[in-house]
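Let me begin by presenting the structure, written as structure tokens, before commenting on it.
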Amino acid sequence: MIEQLDKEYVLQTYPRNYVNFKRGVNATLFDENEKDYIDFTSGIGVVSVGHGNESVAKKIYEQVSNITHISNLYAIEPQAKLGEKIAKLSKMDVATFFANSGAEANEGAIKLARKYGETKFDNKRYKVITLEHSFHGRTITTVRATGQEAMHTDNFSPYPDGFSYENEIANIYKSIDNETVAVMIELVQGEGGVQPLDKKEVQDLAKFLKEKDILLIIDEVQTGAYRTGEFLATNLYDIQPDIITMAKGLGGGVPIGAVITTHKDLFTYGDHGSTFGGNYLSTAASLEVLDILERTKDSGELDKTISYFENKIESLFQNNKEIFTSTVGIGLMKGLRVKDADTLASILKESFEQGVLLLRAGKNTLRMLPALTITNDEIDEGFKRLENALSKIAK
Ligand SMILES: *Cc1c(COP(=O)(O)O)cnc(C)c1O
């Protein structure tokens with residue numbers, strides 16, 4: 001039924017699993033037959049405080065039974081409070097523009113950088129350098145910013161000018177010219193393979209860019225909202241970027257995106273906008289999500305969960321070296337490199353059968369992005385099911 005409807009009435013842009021999830025409790029999902037699945041994906045890093053989170057549901061209900069939306073032509077109290085909260089948690093002197101998704105946040109960041117390049121220099125600076133294997137979104141501009149040739153198909157050309165890609169940080173320096181306005185990177189490449197950048201290299205780059213008056217944009221759409229163990233991966237890397245984007249985990253499942261910047265006066269009236277961005281629904285939800293996550297961090301719970309998860313993944317790796325070649329990632333953004341893509345495909349398929357949901361990243365990385373509130377019992381059960389799946393596949 002659901003399969004037939006989906007195939008007939010929904011554009012087929014994703015190859016899907018036809019399971020009909022009916023309810024969720026933290027990191028556990030139940031399908032229509034009450035079969036349970038341990039969710040190590042959290043909807044690709046979105047459901048940061050788990051499924052069916054009661055206090056978030058309550059806040060959303062209270063908000064939408066009053067005002068859901070009023071437009072950005074009026075001040076919105078939870079939006080202003082969320083901006084304040086982001087500034088406080090980031091420990092930076094920043095203000096935020098609210099959007100609805102990661103791609104839209106990155107579009108906003110690129111627009112902001114372009115304005116900087118247009119207005120601050122004698123010549124026009126507009127070029128943005130990104131890294132290979134990056135992922136920045138699916139709009140025409142952000143797909144162009146994404147450093148994956150396969151995504152720049154002629155089907156969608158022509159693309160906007162001014163984007164180039166380097167395979168590593170060390171090579172960014174030589175591709176900078178006097179038209180370069182910004183460098184945009186993820187500190188831990190998510191879709192590219194859960195690959196963290198080297199801290200010292202990032203700090204040196206940040207220092208160099210500051211000296212040259214070139215903006216540093218950090219795409220924290222996946223790493224933000226405590227995914228790496230700190231509010232921002234930026235905090236972990238101890239840098240001061242010009243622009244940070246967030247989305248996925250920020251709303252706990254409610255669509256929200258954020259362009260966070262130290263250049264607070266660069267955008268002026270009319271430069272940018274969004275009908276839905278930062279409305280009462282998304283910002284009230286996000287405020288509650290951040291309250292929960294901040295408490296989870298401050299109480300030491302999050303760090304405990306991270307080290308518990310790390311131990312589990314390490315022993316899985318040690319016990320299955322004929323399948324995995326290494327572990328990667330930071331915080332609760334973790335991966336295991338699989339010896340080849342076919343083996344990874346069978347692991348994903350068999351794990352699903354065994355009742356544990358996992359993700360792929362890049363060609364051969366098994367990726368895990370559990371809810372930050374996942375319990376030790378859920379972690380134990382998920383790894384047990386994954387072990388069962390591994391015992392069933394050809395080695
Ligand atoms: C998911 C992701 C995006 C795109 O976000 P959408 O909400 O799907 O538009 C951009 N950058 C990174 C690093 C992401 O992980």
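The values are calculated or read from the model by the stated rules, or taken from the named source; none is laboratory data. Note that the coordinates shown come from a computational prediction; the quantities given were computed from them, not determined experimentally. Reconstructed Cβ throughout: ideal geometry from the backbone, glycine too, with neighbour counts over all protein chains shown.
Listed residues 57, 75; which is surrounded by fewer than 16 Cβ atoms within 10 Å (Cβ to Cβ), away from the ligand (no atom under 16 Å from the Cβ), without any contact (Cβ under 8 Å) to a residue 12 or more places away in the chain and within 30 Å of residue 14 (Cα to Cα)?
Working: 75 fails: within 30 Å of residue 14 (Cα to Cα).
Residue meeting the stated conditions: 57.
Of all the residues in the stretch 165-200, those that are within 25 Å of residue 112 (Cα to Cα) and more than 22 Å from the chain's Cα centre (by Cα) number 11.
What are the residues in the stretch 49-75 that are in contact with a strand residue (DSSP E or B) (Cβ under 9 Å, 6 or more places away or on another chain) and of a type in the set (Val, Ile, Thr), if any?
Filtering the stretch 49-75 for residues in contact with a strand residue (DSSP E or B) (Cβ under 9 Å, 6 or more places away or on another chain) gives 49-53, 72.
If the condition is that a residue be in contact with a strand residue (DSSP E or B) (Cβ under 9 Å, 6 or more places away or on another chain) and of a type in the set (Val, Ile, Thr), then 49 is the only one that fits.
Pairs meeting the criteria (first residue in the stretch 275-286 and touching a residue at least 24 places away in the same chain (Cβ under 8 Å), second residue buried (at least 24 other Cβ atoms within 10 Å of the Cβ) and in a helix (DSSP H, G or I), beta carbons under 7 Å, at least 6 apart or on different chains) are 282/251; 283/82; 285/56; 285/251; 286/82; 286/250; 286/251. The criterion of at least 2 residues that are within 13 Å of the ligand (Cβ to nearest atom) is met, among helices (runs of 4 or more DSSP H) falling completely within the stretch 138-232, by 140-145. The listed residues are 115, 91, and the only one of them that is of a type in the set (D, E, K, R), away from the ligand (no atom under 16 Å from the Cβ) and closer than 26 Å to residue 293 by Cβ turns out to be 91.
Mind checking which residues of the stretch 18-51 are surrounded by fewer than 10 Cβ atoms within 10 Å (Cβ to Cβ) and of a type outside the set (Asp, Glu)? Lay out the reasoning, then the answer.
Taking the stretch 18-51 first, the residues surrounded by fewer than 10 Cβ atoms within 10 Å (Cβ to Cβ) are 33-34.
Across the stretch 18-51, the qualifying residue is only 33.
When the stretch 94-111 is filtered for residues that are surrounded by 23 or more Cβ atoms within 10 Å (Cβ to Cβ) and away from the ligand (no atom under 14 Å from the Cβ), the ones remaining, listed by number, are 96, 97. As a summary of the residue check, residue 331 satisfies the conditions (1) in the same structural domain as residue 230 (by TED's automatic domain parsing); (2) surrounded by 12 or more Cβ atoms within 10 Å (Cβ to Cβ) except for the one numbered (1). Listed by position, the helices (runs of 4 or more DSSP H) contained in the stretch 17-125 that have at least 2 residues being under 18 Å from the mean Cα position of the chain (by Cα) and in the same structural domain as residue 175 (by TED's automatic domain parsing) are 77-90, 102-119. Only one entry of 45, 50 meets the criterion of being touching a helix residue (DSSP H, G or I) at 6+ places or on another chain (Cβ under 8 Å), of a type outside the set (A, V, I, L, M) and within 16 Å of the ligand (Cβ to nearest atom), and that entry is 45. Checked against (1) more than 20 Å from residue 35 (Cβ to Cβ); (2) of a type in the set (Val, Ile, Thr); (3) crowded, with 18+ Cβ neighbours inside 10 Å, residue 393 passes all but a single condition, namely (3).
Against the list (1) part of a strand (DSSP E or B); (2) over 25 Å from residue 28 (Cβ atoms), the condition residue 367 fails is (2). Is it true that some residue in the stretch 318-331 is in a loop (DSSP other than H, G, I, E, B), without any contact (Cβ under 8 Å) to a residue 24 or more places away in the chain and within 30 Å of residue 116 (Cβ to Cβ)? No, the conditions are met nowhere in the stretch 318-331. Among residues of the stretch 78-116 being in contact (Cβ under 8 Å) with a residue 24 or more places away in the chain and among the basic types (Lys, Arg), the one that is nearest to residue 164 (Cα to Cα) is 114. Restricting attention to the stretch 303-317, the residues that are over 20 Å from residue 188 (Cα atoms), in contact (Cβ under 8 Å) with a residue 40 or more places away in the chain and surrounded by fewer than 16 Cβ atoms within 10 Å (Cβ to Cβ) total 1.
Give the residues of the stretch 247-271 that are of a type outside the set (A, V, I, L, M, F, W, C), in a loop (DSSP other than H, G, I, E, B) and within 16 Å of the ligand (Cβ to nearest atom), sorted by residue number.
At the first step, the residues of the stretch 247-271 found to be of a type outside the set (A, V, I, L, M, F, W, C) are 248-249, 251-253, 255, 257, 261-265, 268-271.
With in a loop (DSSP other than H, G, I, E, B) added as a condition, the list becomes 252-253, 255, 262-265, 268-271.
Listed by number, the residues that qualify are 252, 253, 255.
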